[in-house]
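Undergrad: This is the structure I want to talk about, given as C-alpha cells.
The values are calculated or read from the model by the stated rules, or taken from the named source; none is laboratory data. This is a predicted model, so every value here is computed, not measured. Counting neighbours? That spans all protein chains shown, and the Cβs are built from the backbone with ideal geometry, glycine included.
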Amino acid sequence: MEGRLAMKLRRIDSNRVSNVDLAELPALRKRTDGFLWLDVPEWSDDAEVILANEFQFHPMAIAKSKNRNHVARVHVYPDHVFIVVHAPEIGVGGHVHYLELDQFVGEHFLVTLHGPISPKVSLEAALRETEAVAARMESDRLRPTSPFGLSYAIVSSIARRESQMVAEIAREVGLMEQRVMAEADEDPQKFLSQLFAARHELLTIKTMAQQGSESIGARSSWPDLRHPKGWN
C-alpha cells in the first residue's frame, strides 16, 4: 500500500461501528443495511483504482480530488455528491495552511480523502477532524444515521475548530491592545508584524469559512439520495 498511512474502512449500522478489512469492500458495497466510511489519508494509485473501479465516481471529481483545490466547491452527480472543504492550520509567521478534505457522499457510503498536504503540515494535523469524529463514534458518543449525517459531523467539527481559532486570535489581539495602552517599551516593527500576522490569520479563516458555508449551504440543488434525515 502506498503512502505513510493505509486507508481505513469502517461500517456503520444502528448497532455499532466496525473497522473492517479493505478487502471486504466489494462485498460490503452490495449491502444496503448501514453504510460505509472509507477514509483515505493520502492520495495513492490504490486509492485511485478504488475510486474509479469500485465506486465509479465521475472522472472529473476523481481528478479534482487528486489535485489541490484552492476554493471550496460542491459538484452534484446522479448518485453522489463531491464536496471540497478546507480546515485552517496556522503555521510559522502567521501563515495559514489550507488543509483540504474532499468528500464523496452517496446513499450508502462516505469517502473522505485528505490533501494534497504541504510538507510543512503534519499528517496528524490533516487528520485531526476525521480522527476526532471517528473517536466519538467508537466511544458511542456519536451515531450518524446516514453518510450525509457523518459528513455533517465532520464539517461541523471543522467549523468548531475555526471558531476556536478565531477566539484564540481575538485573545491575542486583546493582549496586543493592552500592550499599546500600557505604552510598553518594545520594537514597533516587531509589534506591527505581529499585528498584521493576526489580521492575516483572521481574514484567511473568515474567507475559508465563508466559502465553505456558501458551497455546502446550497443544498437545495442536491439530489435526494434518501438523505433528508442525515442533516438533522
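Undergrad: Among the residues of the range 134-161, which ones are under 12 Å from the mean Cα position of the chain (by Cα) and touching a residue at least 12 places away in the same chain (Cβ under 8 Å)?
TA: Listed by number, the residues that qualify are LEU150, SER151, TYR152, ALA153, ILE154, VAL155, SER157, ILE158, ALA159, ARG161.
Undergrad: Mind checking whether some residue in the range 11-25 is part of a loop (DSSP other than H, G, I, E, B), in contact with a strand residue (DSSP E or B) (Cβ under 9 Å, 6 or more places away or on another chain) and surrounded by 13 or more Cβ atoms within 10 Å (Cβ to Cβ)?
TA: Within the range 11-25, one or more residues are part of a loop (DSSP other than H, G, I, E, B), in contact with a strand residue (DSSP E or B) (Cβ under 9 Å, 6 or more places away or on another chain) and surrounded by 13 or more Cβ atoms within 10 Å (Cβ to Cβ).
Undergrad: Going through ASP39, ASP13, ASP102, ASP45 one at a time, which residue ends up being in contact (Cβ under 8 Å) with a residue 24 or more places away in the chain, out of contact with any helix residue (DSSP H, G or I) (no Cβ under 9 Å at 6 or more places or on another chain) and of a type in the set (D, E, K, R)?
TA: Exactly one residue qualifies, and that residue is ASP45.
Undergrad: Can you name the number of the only condition in (1) of a type in the set (Asp, Glu); (2) assigned to a strand (DSSP E or B); (3) loosely packed, with under 15 Cβ neighbours inside 10 Å that ASP102 fails?
TA: For ASP102, the exception is condition (3).
Undergrad: If you take the residues in the range 65-93 that are β-branched (Val, Ile, Thr), more than 12 Å from the chain's Cα centre (by Cα) and in a strand (DSSP E or B), which one is surrounded by the most Cβ atoms within 10 Å (Cβ to Cβ)?
TA: VAL81
Undergrad: If you scan the range 139-189, which residues turn out to be exposed (fewer than 14 other Cβ atoms within 10 Å of the Cβ), touching a helix residue (DSSP H, G or I) at 6+ places or on another chain (Cβ under 9 Å) and at pLDDT 90 or above?
TA: ARG141
Undergrad: On to the next question. Considering only residues that are touching a Ser or Thr at 6+ places or on another chain (Cβ under 8 Å) and small (Gly, Ala, Ser), which ones fall in the range 15-48?
TA: Residue satisfying the conditions is GLY34 alone.
Undergrad: Which one of the conditions (1) more than 30 Å from SER193 (Cα to Cα); (2) within 16 Å of the chain's Cα centre (by Cα); (3) not hydrophobic (A, V, I, L, M, F, W, C) does GLN56 fail to meet, given that it meets all the rest?
TA: Tallying (1) more than 30 Å from SER193 (Cα to Cα); (2) within 16 Å of the chain's Cα centre (by Cα); (3) not hydrophobic (A, V, I, L, M, F, W, C), GLN56 fails exactly one: (2).
Undergrad: Exactly one of these conditions fails for THR32: (1) surrounded by 14 or more Cβ atoms within 10 Å (Cβ to Cβ); (2) closer than 21 Å to ARG10 by Cβ; (3) touching a residue at least 40 places away in the same chain (Cβ under 8 Å). Give me its number.
TA: That leaves (1) as the condition not met.
Undergrad: For THR32, which of the numbered conditions (1) modelled with pLDDT under 90; (2) part of a helix (DSSP H, G or I); (3) among the β-branched types (Val, Ile, Thr) fails to hold?
TA: (2)
Undergrad: So, in the range 90-129, exactly how many residues are at pLDDT 95 or above and among the hydroxyl-bearing types (Ser, Thr, Tyr)?
TA: Here the count works out to 1.
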